[in-house]
Amino acid sequence: MFRTSDAIRVRKVQNVRGGRGEVTFYDWMLPEEAPGHGRVFSKIVMPPGSSIGWHVHEKEFEAFYIISGQATINDNGEKIVLNPGDIHICLTGNGHETENLGSEVLVMQALVLNDLTLA
């Protein structure tokens, strides 16, 4: 199977999880293409000032890989700034939020995968 860039699903979402602004998701794989393994397989693009609001992952975990820009992450109350090449993992039962407080567009890869240890 293959998918060219013009066939990737693009979603522009306002106020993701109660956050600010518009966030664009480039869904390079769809949940039905990985049945039972997860629900988000996306490149995420966040303009300056945008955010993904606080949320908790239950029976799943999320991983971000920063490609460009800076991400300010609130990981269970601990804030940290991540730069290109850095990662963030939010494990099952934990919460986080992501903000682009910088002056550049934030681009990151995101995976929300099912916690198969709970199956």
Subject >> Thr92 vs. criteria part of a strand (DSSP E or B) and either modelled with pLDDT of 95 or more or among the basic types (Lys, Arg) (or both) >> reply: no
**OP:** Determine whether Ile73 is among the β-branched types (Val, Ile, Thr), under 27 Å from Leu118 (Cα atoms), surrounded by 13 or more Cβ atoms within 10 Å (Cβ to Cβ) and touching a Gly at 6+ places or on another chain (Cβ under 6 Å).
**Re:** no
Original post:
Condition test on Glu97, is it surrounded by fewer than 17 Cβ atoms within 10 Å (Cβ to Cβ) and either of a type outside the set (Val, Ile, Thr) or within 20 Å of Asn15 (Cα to Cα) (or both)?
Top reply: no
Subject >> Positions within the stretch 4-29 being loosely packed, with under 13 Cβ neighbours inside 10 Å and either closer than 30 Å to Thr117 by Cβ or acidic (Asp, Glu) (or both), in sequence order >> reply: Asp6, Arg9, Arg11, Gly18
Original post:
Between a first residue in the stretch 95-114 that is acidic (Asp, Glu) and a second residue that is in a strand (DSSP E or B), which pairs have beta carbons less than 6 Å apart while being 6 or more apart in sequence or on different chains?
Top reply: Glu97/Gly53; Glu97/Trp54; Glu97/Asn74; Glu99/Ser51; Glu99/Thr72
Subject >> Pairs, first within 16 Å of Met46 (Cβ to Cβ) in the stretch 77-89, second assigned to a loop (DSSP other than H, G, I, E, B), C-beta under 9 Å, six or more apart >> reply: Val81/Gln70; Val81/Leu101; Val81/Gly102; Leu82/Gln70; Asn83/Gly69; Asn83/Gln70; Pro84/Gly69; Pro84/Gln70
Original post:
Applying the selection to the stretch 1-23, what residues are touching a helix residue (DSSP H, G or I) at 6+ places or on another chain (Cβ under 9 Å) and at pLDDT below 95?
Top reply: Met1
Subject >> Where a residue in the stretch 19-34 is closer than 18 Å to Phe64 by Cβ and its partner, wherever it lies, is in a loop (DSSP other than H, G, I, E, B) and of a type in the set (Lys, Arg), with Cβ under 9 Å and at least six apart >> reply: Trp28/Arg3; Met29/Arg3
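The values are calculated or read from the model by the stated rules, or taken from the named source; none is laboratory data. Treat the numbers as computed from the prediction; the structure is a model and nothing was measured. Quick reminder, even Gly has a Cβ in these numbers, built from the backbone with ideal geometry, and neighbours come from all protein chains shown.
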